[in-house]
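Novice: One structure follows; several queries about it will come next.
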Amino acid sequence: MPSLQPPGSTALVLSRRDFDAVLFDLDGVVTRTAEVHAAAWKRLFDTYLEARARQTGEPFQPFTAEDYQRYVDGRPRFDGIRCFLESRGLVLPEGSPGDGPEAETVQGLGKRKNEYFLETLAQRGVAVFEHAVELLERLRAAGFRTAVVSASRNCVAVLRAAGLEHLFDARVDGVESGRFGLPGKPAPDTFLEAGRRVGVPPERAVVLEDAQAGVQAGRRGHFGYIIGVRRAGPVGALVRAGADVEVTDLSTIQVEEGVS
């Protein structure tokens, strides 16, 4: 199992003696697009909730950072919409995939959120966490297989914009999940599919996740080790969700080939 070395240090050591693959969430772990997603979600729900408050006369309660962490972060887009609306006691018609972004349906809100995301992405570009990129490079140099597991249907566009495609042996994203009917996080299916694609069983793979739903998916999939990457939120929340350890700086993770 990963060790904490040297004594007194908080550096994790991932060795090929213990594991063969590392599975990365994208938004918030490798790329800074989590901030773009959070802004798009807030714009979506605040606009919807404000309009509803005007219609019903009920007080407007804005979408909060806690709402994002609890109900949306790490989940497929439409699951996030359903989950948040349910938390407020609200129900919208499901609609159909042909619904436009103006439709007051789950499908319509999903389209609207994606438009907001792409607008912001075009304005800001794609920033990366440099220590995550360095970790990917070190893992691959040591012989680890790597995969990206994301709920985003824009995963390919983000990877290309950031120039990161070459760092992953496999990709399981929102598009692939839809093709194969895989339930999203917190179900473990997307991580299990990524492990299958790199030819590594769960017990020989490490999961890196910044979202509670993703951590829960890793735990439910019985993966060998789950690293919670805390970019925001309270200390210890990812451990309580099922992570073996919580880190804020990926440069503290050391990598060994593990060849005797």
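The values are calculated or read from the model by the stated rules, or taken from the named source; none is laboratory data. Note that this is a predicted model, so its numbers are computed, not measured. Cβ: placed from backbone, ideal geometry, glycine included. Neighbour counts: every protein chain shown. These accessible areas exclude ligands, DNA and RNA; they are computed on the full protein's heavy atoms, side chains included. Shrake-Rupley method; radii C 1.70, N 1.55, O 1.52, S 1.80 Å.
Novice: May I ask you to compute the full-extension gain from residue 130 to residue 56, defined as 0.36 nm times their residue separation minus their alpha-carbon distance, rounded to one decimal in nm? Could the numbers behind the result be given before it?
Specialist: Numbers: separation 74, 0.36 × 74 = 26.64 nm, distance 4.69 nm.
Length gained, residue 130 through residue 56: 21.9 nm.
Novice: Okay, next question. Please name which of 120, 218, 174 has its Cα lying farthest along the dipole of the chain towards the positive end, using unit charges on Cβ (Lys, Arg +1; Asp, Glu -1) and the Cα centre as origin.
Specialist: Result: 174, furthest along the dipole toward the positive end.
Novice: Only helical DSSP H runs with n ≥ 4 go in: add -39500 (n - 2.57) per run for the chain, normalise by residue count and round the 222 nm mean residue ellipticity to 500 deg cm²/dmol. Could you put the intermediate results ahead of the total?
Specialist: Numbers: 9 runs with 104 residues, N = 260.
Roughly -12500 deg cm²/dmol at 222 nm, from the helical runs in the chain.
Novice: Please give the length that would be gained between residue 94 and residue 252 if that part of the chain were fully extended, namely 0.36 nm times their separation in residues minus their C-alpha to C-alpha distance (nm, one decimal).
Specialist: Numbers: separation 158, 0.36 × 158 = 56.88 nm, distance 4.43 nm.
Once the chain is fully extended between residue 94 and residue 252, it gains 52.4 nm.
Novice: To the nearest 20 debye, what charge dipole does the chain have about its Cα centre, counting +1 at the Cβ of each Lys and Arg and -1 at the Cβ of each Asp and Glu?
Specialist: Roughly 220 debye, rounded to the nearest 20.
Novice: In straight Cα distance, which lysines are under 18 Å from residue 42, not counting same-chain residues fewer than 8 positions off?
Specialist: 111, 113
Novice: Please report how far the C-alpha centroid of region 99-116 lies from that of region 197-231, rounded to the nearest whole angstrom.
Specialist: Centre-to-centre (Cα) distance: 31 Å.
Novice: Would you please put 79-87, 151-159 in order of how densely packed they are, using the mean number of other Cβ atoms within 10 angstrom per residue and starting with the highest?
Specialist: Details: 79-87: 19.1, 151-159: 20.7.
Peptide ranking by packing, descending: 151-159, 79-87.
Novice: Sticking with this structure for a sec: How are the C-alpha pair distances of region 133-233 spread across 5 Å bins, as whole percents from the shortest bin up?
Specialist: Going from the shortest bin to the longest, the percentages are 2, 13, 22, 27, 23, 10, 2.
Novice: Taking every Cα atom in region 83-154, find the radius of gyration and the maximum pairwise distance Dmax, and write them in Å.
Specialist: Every Cα atom of region 83-154 included, Rg and Dmax give 18.1, 50 Å.
Novice: At a 1.4 Å probe, what is the % contribution of carbon and sulfur to the accessible area of the chain?
Specialist: Within the chain, the accessible surface is 50 percent carbon and sulfur.
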